[in-house]
1. Find the centroid of the Cα atoms in segment 1-54 and in segment 174-245, then give the distance between the two in whole Å.
2. Can you tell me the length gained on complete extension of the stretch His10 to Val37, counting 0.36 nm per residue apart and subtracting the Cα distance?
3. Pop out the ³J(HN,Hα) list for segment 179-192 in order, Karplus 6.51 cos²θ - 1.76 cosθ + 1.60 with θ = phi - 60°, rounded to Hz; leave Gly and Pro as x.
4. Over the chain, what is the percentage of antiparallel beta bridges among all DSSP beta bridges, to the nearest 5?
5. Tell me, what is the per residue accessible area of the chain in Å², probe radius 1.4 Å?
6. Round to the nearest 0.05 the FRET efficiency obtained for Ser30 and Asp321 when R0 = 22 Å and r is the Cβ-Cβ distance.
7. Is the shape of the chain best called rounded, prolate or oblate, per the rule: a/c under 1.5 gives rounded, else a/b larger than b/c gives prolate, else oblate, with a ≥ b ≥ c the square roots of the Cα gyration tensor eigenvalues?
8. Order of 118-129, 99-110 by packing, highest average Cβ count within 10 Å first?
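The values are calculated or read from the model by the stated rules, or taken from the named source; none is laboratory data. In this text, all values refer to a predicted model and were calculated from it rather than measured experimentally. For neighbour counting, all protein chains shown are included, and Cβ atoms are generated from backbone atoms with ideal geometry for every residue, glycine included. Keep in mind that these areas ignore ligands, DNA and RNA; they rest on the heavy atoms of the full protein, side chains included. Shrake-Rupley method; radii C 1.70, N 1.55, O 1.52, S 1.80 Å.
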Amino acid sequence: MTALLTAAPHSWEEFAGRLGRTPLVPVHTSLRGREHVLLLKLEGGNPFGSIKDRTAYGLLDAMEQRSGYDGPLAVVESTSGNLGVALAALCRLRGHTFVAVIDPKVQTENLTLMAELGAELELVTEADENNNYLAGRLARVHELLAADHRLMWTNQYGNVANPLAHARSTAPEIHEQAGHVEIVFAPVSTGGIAAGLCTYFRCSRQPTRVIAVDVSGSVAIGGCPGPRYLTGIGANVRSRFVRPDAPVPIQSNVDGKVWASDADAVALCRKLKDETGLEVGGSSGAALAACLDHLRAHPATVRPVCVCPDSGWKYWDSVYDDGWAGRNGLDIAEASARFSDEGIRFSCSTSM
């Protein structure tokens with residue numbers, strides 16, 4: 001964490017120059033006796049550690065253009081962690097104040113980073129029947145907006161600047177790095193990543209299939225509501241972007257929707273780390289689970305891409321902690337045994 005802040009950009013221009021160009025790493029995978037190569041887009045390489053750096057840059061740039069930016073702004077956003085870190089960092093660079101509306105599930109590391117970056121933290125503690133907080137966070141945002149008319153909401157949930165950030169940066173990077181992309185798996189929370197990928201690949205007439213990946217218990221792309229434990233993926237409100245009436249000019253016609261279990265996602269994060277040394281967050285594990293499920297049904301698929309939104313160092317007290325898994329009733333041992341029975345193994349290559 002200290003190293004992240006020590007190496008942080010010192011200006012908006014420096015941040016923009018360092019944003020993106022994250023590695024696309026090939027990982028060799030064995031599944032049911034057949035060999036595959038997966039391409040992992042490791043977004044933890046962004047300046048503040050996640051793909052939400054791209055989102056934050058797009059949202060804040062759009063807000064500044066809309067406001068005319070003739071002085072410091074007051075910004076508010078609901079966040080489960082990564083976007084809050086990125087917005088706090090960028091607001092500090094621009095001289096804006098930032099209010100992050102958070103809940104008790106926010107990772108300790110993200111909470112500390114937001115505070116050290118100068119964010120004002122508004123904690124929402126009222127959960128719904130499935131112990132989720134998004135509705136409460138959004139209600140608090142609206143209360144704050146009504147109480148202070150200086151506040152401006154970046155609105156990652158409905159602002160087209162969110163998916164457009166990925167249509168303009170994430171997707172073309174993947175295309176440039178991988179060449180022809182047959183299929184890409186994109187974790188969903190707001191749906192901005194998946195919709196941005198669709199927008200780029202559809203508008204550039206690429207035949208790439210985009211699969212939206214959610215977790216069980218989330219309704220972001222139409223699932224059934226229920227308990228869920230991973231942060232950074234899923235939501236208890238429908239995505240505004242991955243739906244037929246998505247706002248223009250967003251292309252929302254994903255080619256498939258997959259729901260992974262929390263236990264499978266966590267087990268694959270741990271397996272990847274143990275066998276390759278690559279550490280990714282829980283949403284990346286869900287993308288891996290969806291990708292492996294696809295390869296079971298379509299073993300001839302060539303070099304599928306998994307978007308990995310962040311790295312694993314923020315999740316030592318959750319994804320990589322047995323106590324956390326046990327308290328939340330996640331049977332990691334059973335999931336790991338199933339993967340072993342299928343002969344699933346990972347190994348990392350340094351060449352494309």
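1. Going from one Cα centre to the other spans 18 Å.
2. On the way: separation 27, 0.36 × 27 = 9.72 nm, distance 3.78 nm.
Gain on extension, His10 to Val37, equals 5.9 nm.
3. Ordered by residue, 3J(HN,Hα) equals x, 5, 10, 6, 7, 9, 10, 10, x, 10, 10, 7, x, x Hz.
4. Working: 14 of 43 bridges.
The antiparallel proportion sits near 35 percent.
5. Details: 13730 Å² over 352 residues.
Result: 39 Å² of accessible area for each residue.
6. Values: r = 27 Å, r/R0 = 1.24.
Step by step, r from the Cβ atoms, then E = 0.20.
7. On the way: a/c = 1.58, a/b = 1.38, b/c = 1.15.
The shape class here is prolate.
8. Details: 118-129: 14.4, 99-110: 21.0.
Going by the mean number of other Cβ atoms within 10 Å, highest first, we get 99-110, 118-129.
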